[in-house]
Amino acid sequence: MICNVGPTVARTHGIAHGEPMKSPMQIERVVIVGAGLSGLTAAYYLRERGIDPLLLDRAEVVGSSWRARHSQLSLNTHRSVSHLPGLKYPAKTSAFPKRDDVVRHLEDFARKHAFRISHGKDVTSIRHLDSRYEIEVGGNKVVADNVVVACGRDNKPGELDIEGLESFQGTRLHAAAFGDAKQYLGKGVLVVGGGNSGFDVVNHLSRVRTANVWLSVRSGSNILPKRLRGIAVHRFSPLMERLPIWASDAGIRIAERIAFGDLRKVGLPIPSIGAATRLRREQIAIPVDDGAIQSMKDGRTVVVAEILRIDGAKVYFADGRIEEPEYLIDATGYTSGLTIMLSELGILNCKGNPQFVEQNAAKQLPGLWFVGMKPSLVSYFDSASREARALASAIAQR
Ligand SMILES: Cc1cc2nc3c(=O)[nH]c(=O)nc-3n(C[C@H](O)[C@H](O)[C@H](O)COP(=O)(O)OP(=O)(O)OC[C@H]3O[C@@H](n4cnc5c(N)ncnc54)[C@H](O)[C@@H]3O)c2cc1C
């Protein structure tokens, strides 16, 4: 079996990332697929246990997912709970670090720990062979006792399925390609999806002079203010996480009510379940307001029902409205993109996410682990740390 996966690129903006990949036929104890915040966190806790994993990442640099996000993006989660293990943000970083702060943070972490990262390695499949895993990378193979899949839950933009979508005469894009909010100056913009990404887009649009903005929502969700009377609400998330779920739901509902009053007045539907319950059950992150609700109250953003169909320039909504936006932004979410890579293992649900049997391991496939596939009330950084600590301990005992 050939284990040579080509030259070790191991460089990120001039940062050398540790050792070259091992020689052909070498069996790795742990391979981590993906060197984003989840993969780096897993590598950290494995090192703590004396295991030096090999990280494979298809990108040429650390932090590729964050680099690709729009430049105005800042975290919705507070910096005190949104950092990698043992590394804080520099003192002057804002309470909600900006995209570039996050990229620098990931780079600093990778540089500090000099992990064995092999860049430019697109993993196309993972197969289970006897007690090991065969990882296919650009026609070559790596064999490992353990594989940690850390490719990100928001790996691939989702795809809208609406009658007549192809006929849309305006510009259609995914929230992942939102770009600079200024490009929407004077334009009519339809944002599809009232979740986390939809609110992020409307938050940014609320700061430019667009023409009409419509937010198309199918169901309701509780919305958290980024700040309430000057206080960063998310600071309380570790406490919320410890409460019984009904109490977290109630806390979020109360914060929403104090911040915005009755959101039915701006047309937002009443949610059928609490936000914390929804996050745990359906793994849907809580939308965060940073200007969107005020733009609804001012009438600059209009909440509309779900889209029934599109015919050329016209968009028909379930509430009888017909509008002619120049832009349609799909903010209905992302998929993990794991379907092709893990197709042979039979462990994905219909949404393409792994079905965990125990913690973040697939019980029927010992040695296969996942990190970063579940959102939490606190942050992905926080949940990745918890998951990585547990899997590092379990791997060390194998
Ligand atoms: C718009 C947006 C805002 C967000 N805001 C927050 C926030 O405020 N707070 C928070 O906690 N979380 C937030 N998240 C969620 C989460 O923190 C990010 O998605 C984060 O990037 C997840 O880190 P990750 O390491 O799991 O995945 P990623 O950062 O996506 O990293 C995955 C890595 O795997 C690599 N990879 C993927 N597939 C392969 C393959 N087949 N072969 C080899 N390499 C591969 C990629 O190149 C990438 O480097 C946000 C997400 C989005 C989309």
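Each reported figure results from applying straightforward, stated rules to the coordinates on display, with no laboratory input. Just so it is clear, the structure is predicted and the values come from calculations on it, not from any experiment. Using ideal geometry, Cβ is built from the backbone for each residue, glycine included, and neighbour counts are taken over all protein chains shown.
Calculate the spin-label point distance for ILE231 paired with ARG132, positioning each point 7 Å from the Cα along the beta-carbon direction, and give it in nanometres.
5.6
Determine the calculated [θ] at 222 nm for the chain from helices alone, applying -39500 (n - 2.57) to every DSSP H run no shorter than 4 residues and normalising by the residue count; nearest 500 deg cm²/dmol. Present the calculation step by step, with values, prior to reporting the outcome.
Numbers: 9 runs with 95 residues, N = 398.
Rounded to the nearest 500, the figure is -7000 deg cm²/dmol.
Which of the lysines could be linked to LYS374 by a straight reach, that is with a Cα gap under 19 Å, when you skip same-chain ones fewer than 8 residues away?
Leaving aside lysines fewer than 8 places away in the same chain, those within reach of LYS374 are LYS156, LYS351, LYS363.
Please sort by residue number the GluC sites (Glu not before Pro) in region 307-369 whose DSSP state is loop and whose Cβ has at most 13 other Cβ atoms within 10 Å. Don't skip to the answer; put the middle values down first.
Values: sites: GLU323, GLU326, GLU344, GLU358; in loops: GLU326.
The qualifying sites: there are none.
In percent, what relative contact order does region 305-347 have, based on Cα pairs under 8 Å that are 6 or more apart in sequence? Mind showing how you got there, number by number?
Numbers: 30 pairs, mean separation 9.4, N = 43.
Computed value for region 305-347: 22 percent relative contact order.
With an 8 Å cut-off on Cα pairs and a minimum separation of 6 or more residues, tell me the relative contact order of the chain in percent. Mind showing how you got there, number by number?
On the way: 858 pairs, mean separation 89.1, N = 398.
Answer for the chain is 22 percent.
When only C-alpha pairs under 8 Å and at least 6 residues apart count, what is the relative contact order of region 159-330, in percent? All intermediate terms of the calculation are to be shown ahead of the outcome.
Values: 321 pairs, mean separation 65.9, N = 172.
About 38 percent, as a whole number.
Rounded, prolate or oblate for the chain? Axes are the square roots of the Cα gyration tensor eigenvalues, ordered a ≥ b ≥ c, and the cut-off for rounded is a/c under 1.5.
Working: a/c = 1.90, a/b = 1.65, b/c = 1.15.
Prolate is the answer for the chain, as a/c is 1.5 or above and a/b outweighs b/c.
Given the Cα-Cα distance of GLU107 and ALA250 and 0.36 nm per residue of separation, how much length would full extension add, in nm?
On the way: separation 143, 0.36 × 143 = 51.48 nm, distance 3.83 nm.
Answer, rounded to one decimal: 47.7 nm.
Which FRET efficiency value, to the nearest 0.05, do you get for ILE340 and ILE258 by plugging their Cβ-Cβ distance into 1/(1 + (r/R0)^6) with R0 = 41 Å?
Working: r = 46 Å, r/R0 = 1.12.
The value I calculate is 0.35.
How many nm is it between the label spots at ASP100 and ASP319, if each spot is 7 Å from the Cα in line with the beta carbon?
Each label point is offset 7 Å from its Cα along the Cβ direction, giving 3.9 nm.
When we measure straight from the Cα of LYS88, which lysines land under 18 angstrom away, once same-chain ones fewer than 8 places off are left out?
LYS88 reaches LYS98, LYS112.
Check cross-link reach from LYS265 to the lysines: straight Cα distance under 16 Å, and skip same-chain residues fewer than eight apart.
Cα-Cα hits under 16 Å: LYS297.
Round to the nearest 0.05 the FRET efficiency obtained for ALA396 and LEU87 when R0 = 30 Å and r is the Cβ-Cβ distance. Before the final figure, lay out each step's value.
Numbers: r = 23 Å, r/R0 = 0.75.
With R0 = 30 Å, the Cβ-Cβ based efficiency is 0.85.
Give the separation of the Cα centroids, region 152-201 to region 284-345, in Å.
Cα centroid of region 152-201 versus Cα centroid of region 284-345: 7 Å apart.
Between ILE270 and ARG242, what is the label-to-label distance in nm when each label sits 7 Å out along the Cα-to-Cβ direction?
Label at ILE270, label at ARG242, 3.3 nm between them.
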